[in-house]
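**Student:** First the structure, which I've put down as structure tokens, then a few questions once you've had a look.
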Amino acid sequence: MKVLITGASSGIGADMARILSKKGFDLILVARDKKGLETIKKELGGNVKIIPIDISSTFNCMKLYNKLKKEKIDILINNAGFGVFGNFYETNLDRELDMIDLNIKAVHTLTKVFLKDFKERNSGYILNVASSAAFLSGPLMGAYYATKGYVLKLTEAIHEELRRQNSAVYVGVLCPGPVNTNFNKVAGVKFSVKAMDSEIVSEYAINQMFKRKLVIIPGIFIKISVFITRLLPRKLLLRINYKLQKKKADK
């Protein structure tokens, strides 16, 4: 079986590659970071193909799909993404638009084009990586939180469409809390709560994907936190989340 993983040069994407490689899957790893991909390929050995490409471009997403559409991809993991921190009126617009292109447009595009093939075969797995941020609004990271909310809601909707069609194709979404990856460095923040190990999150996510879980939330603390958000008033959540976000910059 072949697995396509985006954002695979580090963090969750790289750890998922390591886990799936040990399980005997053939891997196609995608990221902008060519050196990072080459390092992973060297580590994992012969069942790995790397494609250095910037999928924040829709043109490049289609280029990637056209390159791979005859390879019979069995699993697509849309992991690539990054965050931007700061007051909305102060953050760099071009940087935010790049984030929207990667976090939303790339996930949307690759999910759609590969899902069509999976539907025709009536098999395949698609795992979209969102965040526990998807369940909230995020003052000081408003655009990032919104992109992850999009991924969550889109994935849930597709899942229900497939269920009603009695399709064997799986579509699910991973919503982790803080994870020890390169995310903080890119976003320019530090986590205000203890982060989970990327390998543990990746192992849990893959196991739950094969169990066909729709929304995958690693860690009991994050599960409880997500449940609590359903009970608290919206304005109170905004105030709490602002204070948590502010701590990221203060550290």
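**Student:** How much accessible surface does Lys213 have with a 1.4 Å probe, in Å² rounded to 10?
**Tutor:** Rounded to the nearest 10, the figure is 100 Å².
**Student:** Could you rank the peptides 142-149, 45-52 by their average count of other C-beta atoms within 10 Å per residue, with the highest value first?
**Tutor:** Result, highest mean Cβ count within 10 Å first: 142-149, 45-52.
**Student:** Report D for the stretch 68-118 in µm² per second (integer): Stokes-Einstein, Kirkwood Rh on Cα pairs, 20 °C, 1.002 mPa s. Before the final figure, lay out the partial values.
**Tutor:** Working: Rh = 12.7 Å.
My calculation gives 169 µm²/s for D.
**Student:** At what distance in nm do the modelled label points of Lys247 and Lys22 sit from each other, each positioned 7 Å from its Cα along Cα→Cβ?
**Tutor:** Here the modelled spin labels are 3.2 nm apart.
**Student:** Can you order the peptides 23-33, 53-63, 128-138 by their average number of other Cβ atoms within 10 Å per residue, highest first?
**Tutor:** 128-138, 23-33, 53-63
**Student:** Would you grab the residues whose amide H sits under 5 Å from the one on Leu27? Only those 5+ places off in sequence or on another chain, please, with H modelled 1.01 Å from N.
**Tutor:** Correct list: Val3, Val48, Lys49.
**Student:** Let me ask something additional. Please compute the alpha carbon radius of gyration of the chain, then divide it by the globular-protein estimate 2.2 N^0.38 Å. Two decimals is fine. Could the numbers behind the result be given before it?
**Tutor:** Values: Rg = 17.5 Å, N = 251, 2.2 N^0.38 = 18.0 Å.
So the Cα radius of gyration is 0.98 times the expected 2.2 N^0.38 Å.
**Student:** What is the magnitude of the charge dipole of the chain about its Cα centre, with +1 placed on the Cβ of each Lys and Arg, -1 on the Cβ of each Asp and Glu, and no other charges, expressed in debye to the nearest 20?
**Tutor:** Numbers: 41 positive and 22 negative charges, 82 e Å.
Around 400 debye, computed over the chain.
**Student:** Checking understanding here: applying a Kyte-Doolittle mean of at least -1.0 and a length along the axis of at least 30 Å (C-alpha), which whole DSSP H helices in the chain pass?
**Tutor:** What comes out of the filter, once short or polar helices are dropped, is 142-164.
**Student:** If you plug each phi of the stretch 125-132 into the Karplus form 6.51 cos²θ - 1.76 cosθ + 1.60 with θ = phi - 60°, what whole-Hz ³J(HN,Hα) values come out, in order, with x for Gly and Pro?
**Tutor:** Once θ is set to phi - 60°, the couplings for the stretch 125-132 become 10, 10, 10, 9, 9, 9, 5, 5 Hz.
**Student:** What distance in nm separates the two pseudo spin-label positions at Glu38 and Lys153, each 7 Å out from Cα along the beta-carbon direction?
**Tutor:** Result: 4.3 nm between the two label points.
**Student:** Run the helix sum for the chain: -39,500 (n - 2.57) per DSSP H stretch of 4+ residues, divided by residue count, reported at 222 nm to the nearest 500 deg cm²/dmol.
**Tutor:** Counting only the DSSP helices, I get -15500 deg cm²/dmol.
**Student:** Along each principal axis of its Cα atoms, how long is the stretch 1-110 end to end? Whole angstroms, biggest number first, please.
**Tutor:** Here the spans come out as 48, 26, 20 Å, largest first.
**Student:** In this model, which of Lys213/Lys247; Lys23/Lys211; Lys194/Lys223; Lys34/Lys247 are farther than 24 Å apart at the alpha-carbon?
**Tutor:** Long pairs (Cα-Cα over 24 Å): Lys213/Lys247; Lys34/Lys247.
**Student:** Extension gain Asn207-Leu236, at 0.36 nm per residue separation less the Cα-Cα distance, in nm?
**Tutor:** 6.9 nm
The values are calculated or read from the model by the stated rules, or taken from the named source; none is laboratory data. Since the structure is predicted, the reported quantities are computational estimates derived from the model, not experimental observations. Here the Cβ is made from the backbone with ideal geometry for all residues, glycine too, and neighbour counts use every protein chain on show. Only protein heavy atoms, including side chains, enter the accessible area calculation; ligands, DNA and RNA are left aside. Shrake-Rupley method; radii C 1.70, N 1.55, O 1.52, S 1.80 Å.
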